[in-house]
Every structure is written in structure tokens, then in C-alpha cells.
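The values are calculated or read from the model by the stated rules, or taken from the named source; none is laboratory data. If you're wondering where the values come from, they're calculated on a predicted model, not measured in any experiment. Cβ coordinates were reconstructed from backbone atoms using ideal geometry, including for glycine residues, and neighbour counts include every protein chain displayed. Side chains are part of the model used for accessible areas, which takes the heavy atoms of the whole protein and leaves out ligands, DNA and RNA. Shrake-Rupley method; radii C 1.70, N 1.55, O 1.52, S 1.80 Å.
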There are 2 protein chains.
Amino acid sequence: MQPNGYEVATPDRLDATFTALADPTRRAILARLASGEASVTELAEPFAMSQPAISKHLKVLERAGLISRGRDAQRRPSRLEAQPLGEATEWLESYRELWEANYQRLDAVLDELKIDEKKRKDSKRRRKSAMKRP
Amino acid sequence: MQPNGYEVATPDRLDATFTALADPTRRAILARLASGEASVTELAEPFAMSQPAISKHLKVLERAGLISRGRDAQRRPSRLEAQPLGEATEWLESYRELWEANYQRLDAVLDELKIDEKKRKDSKRRRKSAMKRP
């Protein structure tokens, strides 16, 4: 437990969060809701998807605690609840050192390739100017 | 595309990464591999799980690019490939402001509760000492 009263993600909650995020439509819905709440009709429009299909995705998101639904019976606007995203980020953060090390290795390889390419060009130029000499 | 040649996660790749992460055994396998490569036998041991069950999980992780398998035909050691975790973190990072704002609101509520609690105690103390006065 953290001392400041933040809820710590249980394995079940992380399962539900990652399952919810494993779909491009659901990720797009979250991206849309990041700029404000929206009704199912409003959400269905840009996706060229039926409202029942969107509703199914909203149920998965709601079960994962990633959205809440308003009480207005007509609109039932969906609202992003970002906390599970914070918990998922926290889990991933513990691997940051590892993937940053990967990126650094990749950078080193790219630098190496650039140096090789420069050397190749330099020696080609030297050969050309040697041939031009009388 | 980022200018430095890092691979940018395609939606499919993010789907595969989040699907792979949506299981507690697979997350535990990644945690184990973070400290070094391991064979299926070594991985199966702490999980009280059959080797075929572990192998199934490894296949999901391998398909997501989260592990690679060694060539040694006997051991085929699994090795963590952290880059997809970096891509998943990047996706989640764009929501950081939102969940940090949530945490700040929660902090504010907790502070409010603490102040209320202190006021309640102080007034109780004042009432008590008032009663004690002759």
C-alpha cells in the first residue's frame, strides 16, 4: 500500500485495464473522451459503427473502471475515468530502465552505422581525388 | 514517425502488447525475465503450472514481440524484449495529465478530510477543557 491513500491496482483490475486497452476502437473512444464526455450517438458517429457495437465497447470500458456513465436516462454520457490508466502506467514504469537501455543500444547501433557510412564516403572521395591527380 | 529511427507502434502491435499484458501469469513471467533469461522448466517452477501451460503463455508473449527465444534446441531460453513495453508506456503517457489531475483532486479531498478531522478534534478538546474549568 502506498502511504498517501491512492488505490493500488489489484491483478484483476490490471487484467481488466489491459484487456480494455487491447482494442483500437476502445483506445479511440478513450482518446475522444479525453476531450470531454459524450453520448453513445456522439461516440458512434466518427467510428462508422452501430450504436450497439459502441455500447458493447463502452461496457468493457465501464467494467474496467475506465469510464463512468451519466444518470441522464436519454443520453447516459460517458466520461473518462483516468485512474486505471495511471495504475497501468505505474506497472509499466518498472520496466522503463529496460526499454530505455534498448533504445540506447539502438542509438549506439545507428551512430555506428552513420560513422561507417561517413568513413565509406570519405574513402570513396579520397580515391576519386587521388585518381584525378595528374 | 520519430526522427531518430525508433519503431512506432502500429495499432496491431499495441493490441498484441495489451492483450499479452492482460494476464497475471504473463506479467509475472515478464517480471521474472527482467532479471535474466530462463528456460520453460525454470519458468514453470515458481508458477506451479505445467510446462505446456507456460509454453502457451510464452507463445502469446513471443507473438507480441515481448520475448524472444534462444536457438539452443534443448533449453530455448526466453529473453525479455522490452521495446513494446516502451511503446505501450508512450501511449499511456498522453493520459498522464488526466490521471495526475485525478490524483491531485483525491489529494485535495484527503487534505479537506484531514482538516475537518482536526477541527472536530480541536473543538472536542476545547469543549472538554471548558467543562473542566471550575
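Given a 1.4 angstrom probe, I'd like the percentage of the accessible area of chain B that is carbon and sulfur, rounded to a whole number.
Solvent-exposed carbon and sulfur of chain B make up 53 percent of the total.
Using the Cβ atoms and a cut-off under 9 Å, what net charge is assigned to the surroundings of B:PHE18, where Lys and Arg are +1 and Asp and Glu are -1?
Surrounding charge for B:PHE18 is -1.
Report the far tail of the P(r) of chain A, meaning the percent of Cα-Cα pairs longer than 25 Å.
That fraction is 52 percent.
Name the nearest-to-axis residue of chain B, judged by Cβ distance to the rotation axis taking chain B onto chain A, and quote that distance in whole Å.
Measuring from each Cβ to the axis, the minimum is at B:PHE18, 2.
Quick one: which bits of segment A:82-105 get at least 30 Å² less accessible when the partner protein chains are in, versus the chain alone, with a 1.4 Å probe?
A:ALA82, A:GLN83, A:LEU85, A:GLY86, A:THR89, A:TRP91, A:LEU92, A:TYR95, A:LEU98, A:TRP99, A:ASN102, A:TYR103
Within the set of other residues whose C-beta is less than 14 Å from the C-beta of A:GLU112, count the net charge using Lys and Arg as +1 and Asp and Glu as -1.
Here the count lands on +1.
Could you name the aspartates and glutamates in cross-link range of B:LYS128, using Cα to Cα under 18 Å and dropping any fewer than eight places away on the same chain?
Within the straight-line cut-off, B:LYS128 pairs with B:GLU117.
Report the equivalent ellipsoid semi-axes for the protein assembly as shown in whole Å, largest first, defined as the square roots of five times the eigenvalues of the gyration tensor built from alpha carbon atoms.
They are 47, 26, 26 Å, listed largest first.
What does the C-alpha gyration tensor say about the overall shape of segment A:63-134? Classify as rounded when a/c is under 1.5, otherwise prolate if a/b is larger than b/c, or oblate.
oblate
Whole number in Å², please: accessible area per residue of the protein assembly as shown, 1.4 Å probe, ligands, DNA and RNA not counted.
64
Could you grab the relative contact order for chain B? Cα pairs under 8 Å, six or more apart, rounded to a whole percent.
About 22 percent, as a whole number.
Taking 32 Å as the cut-off for C-alpha to C-alpha distance, list the pairs among A:LYS59/B:LYS118; A:LYS56/B:LYS59; A:LYS59/B:LYS59; A:LYS59/B:LYS119 that go past it.
Over 32 Å apart, Cα to Cα: A:LYS59/B:LYS118; A:LYS59/B:LYS119.
Kindly give the distances from B:ARG120 to its copy-mates, label point to label point, with each label point 7 Å from Cα along Cα→Cβ, as nm values to one decimal ordered shortest first.
Here B:ARG120 shows inter-copy label distances of 7.4 nm.
Would you mind counting up the charge near B:ARG79? Only other residues with Cβ under 9 Å from its Cβ, with Lys and Arg at +1 and Asp and Glu at -1.
Charge balance near B:ARG79 sits at -1.
What total accessible area, in Å², is buried where chains B and A meet, using a 1.4 Å probe and rounding to the nearest 100?
In total, this chain pair buries about 3400 Å².
Report the accessible area of A:VAL60, computed with a 1.4 Å probe over the heavy atoms of all protein chains in place, in Å² rounded to the nearest 10.
40
Taking the label point 7 Å from Cα in the Cβ direction, how far apart in nm is B:SER68 from each other copy of itself, listed shortest first?
Output for B:SER68: 4.6 nm, nearest copy listed first.
Quick one: with label points 7 Å out along Cα→Cβ, list the inter-copy distances for B:LYS56 in nm, shortest first?
In ascending order, 2.3 nm.
Can you show me the helix-derived [θ] at 222 nm for the protein assembly as shown, built from DSSP H runs with n ≥ 4 at -39,500 (n - 2.57) apiece and divided by the number of residues, rounded to the nearest 500.
So the calculated ellipticity at 222 nm is -22000 deg cm²/dmol.
How many percent of the alpha carbon pairs in segment A:51-105 exceed a separation of 16 Å?
Percent of Cα pairs beyond 16 Å in segment A:51-105: 58.
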